[in-house]
Amino acid sequence: MEYSPKSIESKWQNYWVENKSFEPEDDYKKDKKYILSMFPYPSGRIHMGHVRNYCLGDAFARYFRKADFNVLHPIGWDSFGMPAENAAIKHKLHPKKWTYENIDYMRDELKALGLSFSSEREFATSDELYTRWEQEFIIKMYEEGLLYRKSTTVNWCPHDLTVLANEQLEEGCCWRCGTAVEQKEMPGYYIAITKYAQELLDDLKTLEGQWPSQVLTMQENWIGRSEGLEFDLFLSKESKFKLDKQFEFYTVFTTRPDTIYGISYSALAPEHPIVKYIVDNNLLPENKINSIKAMQKISERDRATMPKEGVSLEIEVIHPLTGESIPVWVANFVLASYGGGAVMAVPAHDQRDFEFAKQYDLPIKQVIIGKDGILENQSEAYTDEGELINSESFTGLKNNKAKKAIIYHFEQNSIGKKQINFKLRDWGVSRQRYWGAPVPFIHCDDCGLVPEKLENLPIALPDDVEITGEGNPLDTHPTWKKTTCPKCGKEATRETDTLDTFVQSSWYFLRYATDNKVWEKEGVSKKDSDYWMDVDQYIGGIEHAILHLLYARFFTKVLNDLGYTDSREPFKKLLTQGMVLKDGAKMSKSKGNVVDPDSIVEKYGADTARMFILFAAPPTKELEWNDSAVEGSFKFIKKFYERSDNVTSKGIENFRNIEHSTLTKEEKEARKKVYEALQKADDVFNKTYAFNTLIAASMEAMNALQAQKNELVWAEGYYILTNILEPVIPHTCWDLADKLFERKNFSSKIEVKEEVFALDSIILAITINGKKRTEVEVSPSATKDEILAQAKEVASKWIDGKELIKEIVVPNKLVNLVVKG
């Protein structure tokens, strides 16, 4: 048969659609597998990263279907977000039109790859029904105190009239228009993820061995649990007067209470209330005020990578134990989002504090000594273990014991307390843009902030807007935001903020798990969720290892507490695939190194694209694009398809009755290689994910088949190989399995036959006085005497005429003969 990928692939893709081959079954008594790849943003075209992600997921789904599991393998579209608005500005298109046209195009691209998605559960997060249930969750979270509104300082672009995330700043300017960003106090909505911080941290232990250790570590570090001492630093009398008696003290947190006697200054974040008061009231010289304002315009993330910089605030606080006066500075390395935005600075024992002290010639007081004793002219902070010095009654204690003793002293004297802090901050979900899910709240002059009634959901976006890039179109719409208060019925206004798109991607897996009929009436079904959740295998890029996975874990716990699901963790197993590179760099349009998947499919067929992407590298490693390797994958598939002519009707009828003991050496070797590939398949899909090794084993099996001519062995080989390669090259395997076996080899798990691994003989090395000279082939059942007799015969030229001193047989390895003379 001649291999014609276009006709073969078109035939089976149409068959799968017509027969709904990949829809999950309603039989909830059957063992299930929920296979999910992170869903795409509908940007217009798929790229090779998409191909790798979805081919990996598809391989799992196809493998478990053939193993008789009930498989849910869905696809959807993460369709809200800024790129649609940017495209609307650029192309003069409505974001909705742009988005859904892209979805139609990308759906066809994915179909062309032969991906076995459930089409009936496909959806986009911008669908109004999805928004409806999400808005219900938001309202219930508000009622439970898990969502709140507060004012905070944000990055504000005065040209585009929008809030920018830290990631959208470029050297303090708007990434789109280049305008200098201002810090502006604005109200926004926040989800109280910090209430779940400890549980999110603790439950990482349940994922050990199932998630990459690197991802678990990244999550742990992002949550950032730390134990320490929290206490107040009181302003000196003069400083209180300077601040118009508006402040008495501020609170600091430290994980190093053992170094408290080494405080030589204190530092505040540029956004700290005291700093803002000083700036707003011009309580410093103009040059200092301007320096602080410049610092405030730079995002925390950018400041973290800059040289240490600060300004003396010309105020002092009192050391809580010694009563000494401590100067207070504003410093760019202090984070407003952690520990109250204030630190006690101990430059002798903290590198960050040390660098700042050196920059501004501030005192450095050593209070812990190691084996080298007191350090003169320190070149860096001393951060190792040691013994306290210059620390009053605590002098002489080991610093680890001193931590507990000093915390106890603070608590006994009611001047501080032991505190657990997290780096994790509550999640700001407000966005001042049009193309997002509306926040379901109403502002009433009499009732304040009021959730919309559930029966009035969804609050849908108006279609008649013009996207200009200046401000939020919902704010200026003539009618949309005008409504009535759900409580009192008086005139009121809708909230014009929309939700962060991370919200939509934090629970989408529960939408997939709900049958369509139930979804339309009830939303997330607990019955369906109890069957399908947790996701058995999740696949996605390492770049989502922190925020997306953390938010998804959080939402699952919240929806569990709200009664929507019994699941507490969304994803049992996680596979993070590596990037696809070309010429050593990540593929991108700006680098001009993008490979269009459509062109590969057009030239070689979808199966070639799939085989290459799974064969070129282990899935967790980076994959370097290689044109010749693509050609090599095509040649193998072509050979595999066309050599099926060697499978005869006689072979098909009789291969189950092969008498292994009667086969030739080549025939036995071919069977062995085929069954080794079968064993590899089970290992790959359940443990290693190393699809490249499965493909390599199948190639070896194909080579071994070609070395013999037994019809039965050929038939058995294709019966097994079309089964195990179906997840990789499905069109080819469906076509061959259909023509040769009526696809009966897809209906159940193929058992490994141990007889094929039985050895007819084993090869033992022969060493003379420890040096290898030759080999001997013996029966696996040969006795020691029989082995020695054969070995001496083979090694006669090295031992004849010499005295044989010692004869050693190491089973299954070697024979060592020690001679003299």
May I ask you to list the residues in the range 529-556 that are surrounded by fewer than 21 Cβ atoms within 10 Å (Cβ to Cβ) and among the charged types (D, E, K, R)?
530, 534, 536, 543
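Determine whether residue 466 is without any contact (Cβ under 8 Å) to a residue 40 or more places away in the chain and outside the structural domain of residue 540 (by TED's automatic domain parsing).
Details: without any contact (Cβ under 8 Å) to a residue 40 or more places away in the chain: yes; outside the structural domain of residue 540 (by TED's automatic domain parsing): yes.
Here the answer is yes, as residue 466 does meet what is asked.
Hey, among the residues in the range 344-382 that are of a type in the set (Ser, Thr, Tyr) and within 41 Å of the chain's Cα centre (by Cα), which one's surrounded by the fewest Cβ atoms within 10 Å (Cβ to Cβ)? Write out each step before concluding.
Step one: list which residues in the range 344-382 are of a type in the set (Ser, Thr, Tyr), which gives 360, 379, 382.
Narrowing further to those that are within 41 Å of the chain's Cα centre (by Cα): 379, 382.
Details: 379: 7, 382: 20.
Among residues in the range 344-382 that are of a type in the set (Ser, Thr, Tyr) and within 41 Å of the chain's Cα centre (by Cα), the one surrounded by the fewest Cβ atoms within 10 Å (Cβ to Cβ) is 379.
Yes/no per residue for (1) over 26 Å from the mean Cα position of the chain (by Cα); (2) assigned by TED's automatic domain parsing to the domain that holds residue 275; (3) surrounded by fewer than 19 Cβ atoms within 10 Å (Cβ to Cβ):
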residue: 131; (1), (2), (3): no, no, no
residue: 152; (1), (2), (3): yes, no, yes
residue: 155; (1), (2), (3): yes, no, no
residue: 164; (1), (2), (3): no, no, no
residue: 170; (1), (2), (3): no, no, yes
residue: 174; (1), (2), (3): yes, no, no
Could you go through the range 373-390 and let me know if any residue there is within 23 Å of residue 230 (Cβ to Cβ), in contact with a His (Cβ under 7 Å, 6 or more places away or on another chain) and not polar (S, T, N, Q).
yes
Please go through the range 338-384 and pick out each residue that is free of Cβ contacts under 8 Å to residues at least 12 places away in the same chain and touching a Leu at 6+ places or on another chain (Cβ under 6 Å).
none
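At least 3 residues that are of a type in the set (A, V, I, L, M) and over 25 Å from residue 394 (Cα atoms) in each: list the helices (runs of 4 or more DSSP H) lying fully within the range 251-360 that qualify.
On the way: elements: 273-280, 286-296, 300-304, 351-360.
Filter on the range 251-360 gives 273-280, 286-296.
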Which condition does residue 388 not pass, out of (1) under 29 Å from residue 274 (Cβ atoms); (2) in contact with a strand residue (DSSP E or B) (Cβ under 8 Å, 6 or more places away or on another chain), if it passes all the others?
(1)
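Please note which helices (runs of 4 or more DSSP H) are completely contained in the range 436-552 and include at least 1 residues that are modelled with pLDDT under 95, in contact with a Gly (Cβ under 7 Å, 6 or more places away or on another chain) and within 24 Å of residue 81 (Cα to Cα). Give the derivation first.
Numbers: elements: 473-476, 501-504, 508-512, 516-522, 526-532.
Those helices (runs of 4 or more DSSP H) span 501-504.
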Does residue 285 qualify as being buried (at least 19 other Cβ atoms within 10 Å of the Cβ), at pLDDT 95 or above and outside the structural domain of residue 575 (by TED's automatic domain parsing)?
no
Restricting the first residue to the range 216-244 and requiring it to be within 30 Å of residue 542 (Cα to Cα), which pairs with a second residue that is among the acidic types (Asp, Glu) meet a Cβ separation below 7 Å and a spacing of at least six or different chains?
216/208
Count, please, the residues in the range 632-668 that happen to be among the charged types (D, E, K, R) and either outside any helix (DSSP H, G or I) or surrounded by 14 or more Cβ atoms within 10 Å (Cβ to Cβ) (or both).
7
Selection status of residue 487, assigned by TED's automatic domain parsing to the domain that holds residue 95, surrounded by fewer than 21 Cβ atoms within 10 Å (Cβ to Cβ) and among the charged types (D, E, K, R)
no
Assuming residue 126 fulfils every condition listed in (1) surrounded by 15 or more Cβ atoms within 10 Å (Cβ to Cβ); (2) small (Gly, Ala, Ser); (3) touching a Pro at 6+ places or on another chain (Cβ under 8 Å) apart from one, which condition is it?
(3)
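Of the residues 314, 376, 300, which single one is among the acidic types (Asp, Glu) and modelled with pLDDT of 95 or more?
On the way: 376 fails: modelled with pLDDT of 95 or more; 300 fails: modelled with pLDDT of 95 or more.
None of the other options fit; the residue is 314.
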Residue that is nearest to residue 614 (Cα to Cα), among those in the range 645-678 that are at pLDDT 95 or above and polar (S, T, N, Q):
646
Lone qualifier among 206, 162 - being at pLDDT below 95, among the hydroxyl-bearing types (Ser, Thr, Tyr) and more than 30 Å from residue 406 (Cβ to Cβ)
162
Answer with yes or no whether residue 104 is in a helix (DSSP H, G or I), at pLDDT 95 or above, surrounded by fewer than 19 Cβ atoms within 10 Å (Cβ to Cβ) and of a type outside the set (Phe, Trp, Tyr).
yes
Looking only at the range 248-272, which residues are under 13 Å from residue 340 (Cβ atoms) and surrounded by fewer than 18 Cβ atoms within 10 Å (Cβ to Cβ)?
249, 251
In this structure, is residue 369 assigned by TED's automatic domain parsing to the domain that holds residue 250, out of contact with any Lys or Arg (no Cβ under 6 Å at 6 or more places or on another chain) and not in a loop (DSSP other than H, G, I, E, B)?
yes
So residue 785, is it exposed (fewer than 12 other Cβ atoms within 10 Å of the Cβ) and closer than 30 Å to residue 663 by Cα:
yes
Across the range 574-595, which residue is nearest to residue 144 (Cα to Cα) among those that are of a type in the set (D, E, K, R) and either touching a helix residue (DSSP H, G or I) at 6+ places or on another chain (Cβ under 9 Å) or in a helix (DSSP H, G or I) (or both)?
586
Hits in the range 224-250 (condition: under 17 Å from residue 313 (Cα atoms), part of a loop (DSSP other than H, G, I, E, B) and among the small types (Gly, Ala, Ser))
236
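Out of the residues in the range 442-468 meeting the condition of being closer than 20 Å to residue 96 by Cα and acidic (Asp, Glu), tell me which one is surrounded by the fewest Cβ atoms within 10 Å (Cβ to Cβ). Break it down into steps so the answer makes sense when it comes.
Quick first cut of the range 442-468, residues closer than 20 Å to residue 96 by Cα only: 457-468.
From the residues that got through so far, the ones that are acidic (Asp, Glu) too are 463-464, 466.
Numbers: 463: 8, 464: 10, 466: 12.
Among those that are closer than 20 Å to residue 96 by Cα and acidic (Asp, Glu), it is 463.
The values are calculated or read from the model by the stated rules, or taken from the named source; none is laboratory data. Note that the structure is a prediction, hence the values are computed from the model and not measured. Methodologically, a virtual Cβ is constructed for each residue, glycine included, from the backbone with ideal geometry; neighbour enumeration extends over all protein chains shown.
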